[in-house]
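Novice: I'd like to ask some things about the structure below.
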Amino acid sequence: MVFNTGAALLDAVVLAVVSGKEEGTYGYRITQDVRKILEVSESTLYPVLRRLQKDGCLEVYDKQFDGRNRRYYKITERGVGRLQLYREEWEEYSGRISAIFRGEEIV
């Protein structure tokens, strides 16, 4: 992909992916889901998860899976609010970009 992925867009995508699972989801699965949308490395996503946790947008818990712990991430109420803001901003931003690509005049 020729377009750079900024931190806010990456945060928004991660929050959207995690919000899709009521019980939360684990780190590797988040990585796989995000990589369907954006070209990012696993080493890029784990700091994003830690930052969102530190900001109170994600909560973390461990769950047993095949005899070992798997770290799960679940969106918090604060994260839901942040995701809603990102969605609103994205609609406005992407609408303007699409309009200019269609040759429409931007007011």
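The values are calculated or read from the model by the stated rules, or taken from the named source; none is laboratory data. These numbers come from a predicted model, not from an experiment. Here Cβ is always computed from backbone atoms with ideal geometry, including for glycine, and neighbour counts include all displayed protein chains. All accessible areas refer to the heavy atoms of the entire protein, side chains included, with ligands and DNA or RNA removed. Shrake-Rupley method; radii C 1.70, N 1.55, O 1.52, S 1.80 Å.
Novice: Within the range 60-80, count every residue that is open to solvent by 90 Å² or more (accessible area, probe 1.4 Å), out of contact with any Gly (no Cβ under 8 Å at 6 or more places or on another chain) and closer than 13 Å to Gly24 by Cβ.
Specialist: Qualifying residue count, the range 60-80: 1.
Novice: Checking the structure you have, find out if any residue of the range 55-69 is modelled with pLDDT of 95 or more and either out of contact with any strand residue (DSSP E or B) (no Cβ under 9 Å at 6 or more places or on another chain) or small (Gly, Ala, Ser) (or both).
Specialist: yes
Novice: Report the residue count in the range 81-94 for those that are open to solvent by less than 80 Å² (accessible area, probe 1.4 Å) and modelled with pLDDT of 95 or more.
Specialist: Residues that pass the stated criteria total 4.
Novice: Six or more apart or on different chains, Cβ atoms under 7 Å: show the pairs whose first residue is in the range 30-41 and under 19 Å from Leu58 (Cα atoms) and whose second is open to solvent by 10 Å² or more (accessible area, probe 1.4 Å) and modelled with pLDDT under 95.
Specialist: From the range 30-41, the pairs are Thr31/Glu42; Val34/Val40.
Novice: Is the range 2-19 home to any residue that is polar (S, T, N, Q) and surrounded by 12 or more Cβ atoms within 10 Å (Cβ to Cβ)?
Specialist: Yes, the range 2-19 has at least one match.
Novice: Say whether the condition of being outside any helix (DSSP H, G or I), surrounded by 12 or more Cβ atoms within 10 Å (Cβ to Cβ) and not β-branched (Val, Ile, Thr) is met by at least one residue in the range 39-51.
Specialist: no
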